[in-house]
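Right, one structure below, let's go through it.
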Amino acid sequence: MTTIIEPFRIKAVEPLKLTTPDERREVLARADWNLFRIPAEDILIDLLTDSGTGAMSAAQWAAMMQGDESYAGSRSWYRFRDRIRELTGLRHVVPTHQGRAAERILFACMGVEGKIVISNTHFDTTRANVEFLGGRAIDIPVPEALQPADEHPFKGNINLSALEDLLKSEPGQIACVIVTVTNNSGGGQPASMENLRAASEMTRRHGVPFYLDACRFAENSYFIKLREPGFADRTVESIAQEMFSLADGATFSAKKDGLANIGGFLASNDDRLARQEVELLILTEGFPTYGGLAGRDLEAIAVGLQEVLDESYLRYRLASTRYLGEHLVEVGVPIVQPPGGHAIYIDAGTFLPHIPPTEFPGQSLACALYEEGGVRSVEIGTLMFGGEDPQTHHERIAPLELLRLAIPRRVYTQSHMDYVVEVAEQVVRRKETLKGLRIVEEAAHLRHFSVKLAPL
Ligand code: F0G
């Protein structure tokens, strides 16, 4: 059979509310053209994020009933910790309520003030946490990552020669290197094992810790299996274990490849650092055996970290993302190629050449897709990454103006995706009429979440 089906059937359903274009125009105005401000009830297909939006399995719901809600030393904690140790080989596991809490604790304890953190591409919360603590976040993706149409199989790779240069020219100044797998902001593209190994060796040789932002480690591992010579016959679990073995530590949001709706962790092999992390954890997140999570959340994550490595799941996952991407291309929408693991990134800069980056072409397209069909997506461009540079005080322009359609795990079917493509096709027909936006009100950090906009 050539049809790759959803390898599950649906046991519980949630109705979707249909709205009219007139209603949606009103909703958009009330939300100040910021899709984060729209009540989810008014969204038909929600592709804002794949984070915490997945459907849990019957096994996960069953495990939640087993949740041990003891304050200290709960049984669920040991299940959670042991699964993470087995998967990552990292000794110290610090539970957190989500990924950014792990980032904040890590960077605070590492002491990034006045130092540099290097990544293939920092996710927005990662960059914001480094900068908030007085550090400098430097992105060094491979050059192919900035060529949306280039079909390179591992566009999530970190630029090794730029890494070597930085490690040599900034001795003692680099707090850590953290590679995001898959590279979310760069198009959901994987890093190869070869690249991770080289980056890890080089970084450690300079006495700098090497970390993974492992949010989508399973999708990255499966890409390695499919695309990197020598991995075709390996289990995805063993590939994931090998990836983690290259790292001194990892941050993780269980809302992605943990297949859970909340949760995360910070892990490492550094005894001293882990002690400091636990101290900070107790101050703001919770006792070290729950870290801001309920026992039932720990259970759901422990099971999710097992299920996510199931190959029939990963085959479907990558195929459904590719399906959306290929059909969007067919109706004339340029996307970042090849399709990533968790999302399709529309190249809005190329699609809407008449709207300059300072007028947010990605956001304009996001508003049009909502107005046309109630589809919510997220701009990943100058609205997200722009604003004033804390070092130079200049306005930043993002390297690419992208619009992300992120696919929640195990939630939507193929006909939902067909509908999204049809909506996009309607927008293609009137793309010349789309207009840019201007900022009316913005926050100092992570402005895209709360920004108020107005059409030009
Ligand atoms: N790192 C990456 C690569 C992420 O994609 C995210 C979240 C985080 C860290 C932070 O994790 O949300 O649990 O605090 N990404 C979501 C997204 C929000 O939509 O891509 P968190």
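Please indicate, with yes or no, whether at least one residue in region 426-437 is touching a Gly at 6+ places or on another chain (Cβ under 9 Å), at pLDDT below 95 and open to solvent by 60 Å² or more (accessible area, probe 1.4 Å).
No: zero hits.
Looking at the structure I just gave you, is Leu212 among the aliphatic types (A, V, I, L, M), closer than 28 Å to Ala398 by Cα, out of contact with any helix residue (DSSP H, G or I) (no Cβ under 8 Å at 6 or more places or on another chain) and surrounded by 17 or more Cβ atoms within 10 Å (Cβ to Cβ)?
In short, no.
For region 99-115, how many residues meet the condition of being part of a loop (DSSP other than H, G, I, E, B) and either among the basic types (Lys, Arg) or surrounded by fewer than 22 Cβ atoms within 10 Å (Cβ to Cβ) (or both)?
Here the count works out to 4.
Looking only at region 57-74, filter to residues that are open to solvent by 30 Å² or more (accessible area, probe 1.4 Å) and either closer than 25 Å to Thr125 by Cα or in a helix (DSSP H, G or I) (or both); which one of those is nearest to the ligand (Cβ to nearest atom)?
Ranking the candidates gives Met64 first.
Do you know which residues across region 194-209 are hydrophobic (A, V, I, L, M, F, W, C), away from the ligand (no atom under 16 Å from the Cβ) and surrounded by 20 or more Cβ atoms within 10 Å (Cβ to Cβ)? Even if it seems obvious, please write down each step before you answer.
Kept after step one, since they are hydrophobic (A, V, I, L, M, F, W, C), are these residues of region 194-209: 196, 198-199, 202, 208.
Subset that is away from the ligand (no atom under 16 Å from the Cβ): 198-199, 202, 208.
Matches in region 194-209: Ala199, Val208.
If I filter region 222-234 for residues that are out of contact with any Phe, Trp or Tyr (no Cβ under 8 Å at 6 or more places or on another chain) and under 21 Å from Ser161 (Cβ atoms), do I get at least one hit?
no
Based on what the data block shows, is Glu395 of a type in the set (Asp, Glu), buried (at least 16 other Cβ atoms within 10 Å of the Cβ) and farther than 24 Å from Ser51 by Cβ?
Numbers: of a type in the set (Asp, Glu): yes; buried (at least 16 other Cβ atoms within 10 Å of the Cβ): no; farther than 24 Å from Ser51 by Cβ: yes.
Judged against the criteria, Glu395 is not a match.
I'm trying to understand the selection: among the residues of region 324-339, which are over 16 Å from Pro399 (Cβ atoms) and under 16 Å from the mean Cα position of the chain (by Cα)?
The answer is Pro339, and nothing else.
What about Phe154, is it hydrophobic (A, V, I, L, M, F, W, C), closer than 23 Å to Leu402 by Cβ and either at pLDDT 95 or above or open to solvent by 40 Å² or more (accessible area, probe 1.4 Å) (or both)?
The answer is yes for Phe154.
Would you confirm whether any residue within region 245-261 is over 20 Å from Cys109 (Cβ atoms), acidic (Asp, Glu) and open to solvent by 10 Å² or more (accessible area, probe 1.4 Å)?
Within region 245-261 (the criterion being over 20 Å from Cys109 (Cβ atoms), acidic (Asp, Glu) and open to solvent by 10 Å² or more (accessible area, probe 1.4 Å)), the answer is no, since none of the residues qualifies.
Taking the stated definitions as given, is Glu219 surrounded by fewer than 24 Cβ atoms within 10 Å (Cβ to Cβ) and in contact (Cβ under 8 Å) with a residue 24 or more places away in the chain? If you could, list the steps in order and put the result at the bottom.
Values: surrounded by fewer than 24 Cβ atoms within 10 Å (Cβ to Cβ): no; in contact (Cβ under 8 Å) with a residue 24 or more places away in the chain: yes.
So Glu219 does not fit the description; no.
Would you call Arg296 surrounded by 17 or more Cβ atoms within 10 Å (Cβ to Cβ), basic (Lys, Arg), within 16 Å of the ligand (Cβ to nearest atom) and in a helix (DSSP H, G or I)?
No.
In region 36-52, which residues are open to solvent by less than 30 Å² (accessible area, probe 1.4 Å) and assigned to a loop (DSSP other than H, G, I, E, B)?
Hits for region 36-52 are Ile38, Ile43, Leu44, Leu47, Leu48, Asp50, Ser51, Gly52.
The values are calculated or read from the model by the stated rules, or taken from the named source; none is laboratory data. Small disclaimer: the values here were computed from a predicted structure and weren't measured. Cβ sites come from the backbone with ideal geometry, for glycine too, and all protein chains shown count toward neighbours. For the accessible areas, the whole protein counts, side chains as well, though only heavy atoms, and no ligand, DNA or RNA atoms are used. Shrake-Rupley method; radii C 1.70, N 1.55, O 1.52, S 1.80 Å.
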